[in-house]
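J.: Have a look at this one before I ask anything.
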Amino acid sequence: MAKKSNLWTVFLLWVVSTGAACAQTRDPESENSPRETWVLSAQAEDTALGEGLPVLALDRQDWPRFRSDTSGTARAARSLRAELLATHPSGWQFSAVVRAEAWLEASPDAVTVAALDTTHTDPTGPQSFTLAARSQSWQGQGIKVGTPWWALDHAGTWQWRANAQLLNLTKLRTDEITGSIAYSGAGVYDFNLAGQRANTSITGPFLPASGTGGQGASLSVAFKGEPWPGLQLQVQADDLLSHLEWQSMATDISALNSQVATRAPDGTLNYAALLNGRMALATLNERIGTHWRVNARWALEDQPSSAVTARAEYVAGMRQFWLGWDSVYAEKTKWHWEIEPQRRALSAGLSWGHWQALMATDGQGDSTEYRRWSLGWHAAW
């Protein structure tokens, strides 16, 4: 990890030096109204997203009751983040962050088999299943450094910024399984499965303990511009480049095959083990999936305090497309409404004084496949 840490150190030094070179092309808005004090802010956010899976009920024994019918790959993702941030008058940002993320994707047969196993039931008749499922989860905390908005052209029509995060990981886990299961009836199954899992909870009689922590790094970038008067666009790629590493992680690679009997040339039967595998300590290297966002805002000429918005997101293999409306009801009080037609979800956000709050849901209760809330605060320091 030493080489990767050096690379991030070089990047941060490059960002600082670039800031001095780009000082003459800073965001025009900040030039017109420069801040003279630091701004201190705090934010907490929780986002749960699913397709074919009740993302908030997956830790319950009765989760199969709430899953929706889907013929494609089922997915679920959960992201929690808390951040304490200080913004310098120049636009530089420094923050302490705590993050936890998890995602899961599984073939339809894998979801069906998992539901049968959870409810301790057998298929209604002979049936074959093709399984493919994988997941990742991690937790960590660290620091983040963000640049100001810098102009990409002399007119300042297009600007960009970036932030880098360095994280200490307290949890990292991966799971993957592929293969097939055949049910013959009367409780008889044949298996041909291969799996791999890595986490600190794996133990064995001759396996040393896993390492006590890991390291992570992430680089995010954003671009914004106003190609036409009244139309504002922003493209954001969170965790565009990332690396998660845990040295001395317990890893279990195994294969389960019930067809282990073979006939030797002399007519006798040879039997192999049903389960074969290997446990070992290894360095686990993973990456954080990129979260893509595209935002558009059209200001209305006859209502300067209102605007129509559109937002598209792609994360963990799942897409969202939101249509919204910005409005100002009183001084320093703003509302933002959004709908996601495909998910039938509604989002409402409020900015009032130093506070911001947002709540979004599809209103499906235990079958929810989308829920997000966030709460923020900021003040001059």
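The values are calculated or read from the model by the stated rules, or taken from the named source; none is laboratory data. Just so it is clear, the model here is predicted, and its values are computed rather than measured. Every residue, glycine among them, receives a Cβ derived from its backbone with ideal geometry; neighbour counts consider all protein chains shown. The accessibility values were calculated without ligands, DNA or RNA, using every heavy atom of the protein model including side chains. Shrake-Rupley method; radii C 1.70, N 1.55, O 1.52, S 1.80 Å.
J.: So if I check each of 276, 257, 192, which one is more than 30 Å from residue 307 (Cβ to Cβ), in contact with a Phe, Trp or Tyr (Cβ under 7 Å, 6 or more places away or on another chain) and of a type in the set (S, T, N, Q)?
T.: One residue alone meets the criteria, 257.
J.: On to the next question. Please specify each residue of segment 187-203 satisfying the condition of being open to solvent by 80 Å² or more (accessible area, probe 1.4 Å) and within 30 Å of residue 138 (Cβ to Cβ).
T.: 196, 197, 201, 203
J.: Quick check on this structure: which one of 340, 286, 301, 369 is touching a residue at least 24 places away in the same chain (Cβ under 8 Å), among the charged types (D, E, K, R) and within 30 Å of residue 203 (Cβ to Cβ)?
T.: Criteria check complete, one pass: 286.
J.: Restricting the search to segment 204-218, which residues are assigned to a strand (DSSP E or B) and open to solvent by 20 Å² or more (accessible area, probe 1.4 Å)?
T.: 204, 207, 215, listed by residue number.
J.: Consider residue 335 carefully, then state whether it is assigned to a strand (DSSP E or B), open to solvent by less than 90 Å² (accessible area, probe 1.4 Å) and not aliphatic (A, V, I, L, M).
T.: Against the criterion (assigned to a strand (DSSP E or B), open to solvent by less than 90 Å² (accessible area, probe 1.4 Å) and not aliphatic (A, V, I, L, M)), residue 335 qualifies.
J.: Which residue is most open to solvent (accessible area, probe 1.4 Å), if the candidates are limited to segment 145-186 and must be part of a strand (DSSP E or B) and acidic (Asp, Glu)?
T.: This residue is 176.
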